[in-house]
Every structure is written in structure tokens, then in C-alpha cells.
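For reference, the structure discussed in these notes is given below.
Values in this text are rule-based calculations from the coordinates and carry no lab data. On a predicted model such as this, the values are computed, not experimentally measured, just so you know. All Cβ positions, glycine included, derive from the backbone under ideal geometry; neighbour counts span all protein chains shown.
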Amino acid sequence: MTNWPQNYLPNCPPDDAELPDGVYYHFIDGNSASEFDFKCKFEKNPGYTNNCQAHGISMIKDLDDITNYREAYINIFGNKKVVEIRMNNNMGVIKNTPSVCAKSHYTWWKPIDIKPWDLCKILEEE
């Protein structure tokens, strides 16, 4: 049985979420990934919203969408670093939740025992 965080809502993660497989990308704040970088929007700002997606972590599947995201939200993502995480089916569930500037945006619901900050690799900037 998956050990989900206690703050997850009923029916969260959603039934149509799938097992992750492959490489995904995520923005981080510093020069190395930390636990804070992998907190969901709800944990970082409980007043933001309390829906299932806010309890997940934003991930991007396509590197081109990383560029699109950075350009669309330069004030938020302009100085952030990007990490790569090779995910497998033991790392929770993921669902494609596309946005206007990132069709490959996914929401990841992470079990409490997964520590992605130890599993990611920072991409070199070009």
C-alpha cells in the first residue's frame, strides 16, 4: 500500500493518474535540490487552493516546455535551475495536466517515503 501524505484530500491522487516512467524535469530554487523544492503548492502556501492538483508537484516531460515555461513566467522561473529525475513505477503516480505554455506539464503525487532531492541531477545551462 502506498504511504500518501496525511494532508491529501479524499480521492487524491485521482483514479486516472498513472505510474510514472521515464525522465521528468522540475524547477528548483538553489544550486542543489532540497526537500523544500519538492513541496507542493498547498504545503508552500495553504491559502493558495485546496484541490487535488495543489497537493501534487509540478513536473515537465519535454525539455522544450521548460524553455516555454521559463519564458512565459520569467519573474518566477527565470533564475531557477532545472533538475532531471528518472522516475519509475515505485514513485507514486502522475497525471498529464497540460497548461497553455507546457503541454507536457504533469502533476506528481509523491509518497512520503520518496526523497526526490536525493535522486535528481541538475541540468547544465546552455
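See the values below:
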item: Residue with peak Gaussian network fluctuation, the chain [Cα springs, cutoff 10 Å], from Ile28, Ile74, Ile66; result: Ile74
item: For the chain, size of Cβ-based charge dipole, Lys and Arg +1, Asp and Glu -1, in debye; result: 300
item: Helical mean residue ellipticity (222 nm; -39500 (n - 2.57) per DSSP H run of 4+; nearest 500) of the chain; result: -3000 deg cm²/dmol
item: Residues of the stretch 13-38 with amide N under 12 Å of the 7 Å Cα→Cβ point at Ile122; result: 28-34
item: Paired Rg and Dmax values of the chain, which use every Cα atom, in angstrom; result: 13.8, 42
item: C-alpha center-to-center spacing [the stretch 40-61, the stretch 78-126] in angstrom; result: 13
item: Neighbour cut-off at most 15 other Cβ (10 Å), DSSP loop, chymotrypsin sites (Phe, Trp or Tyr not before Pro), the stretch 22-126; result: Tyr48, Tyr73
item: Leu9-Ser99 FRET efficiency (beta carbon distance; Förster radius 30 Å; 0.05 resolution); result: 0.90
item: Those lysines that a straight Cα-Cα span of less than 24 Å connects to Lys115, excepting residues fewer than 8 apart in one chain; result: Lys39, Lys41, Lys44, Lys61, Lys80, Lys81, Lys95
item: Charge-dipole axis of the chain as Lys and Arg at +1 and Asp and Glu at -1 on Cβ define it, positive-most pick from Val100, Gly78, Tyr8; result: Tyr8
item: Label-point separation, Leu63 to Glu43 (7 Å along Cα→Cβ), nm; result: 2.8
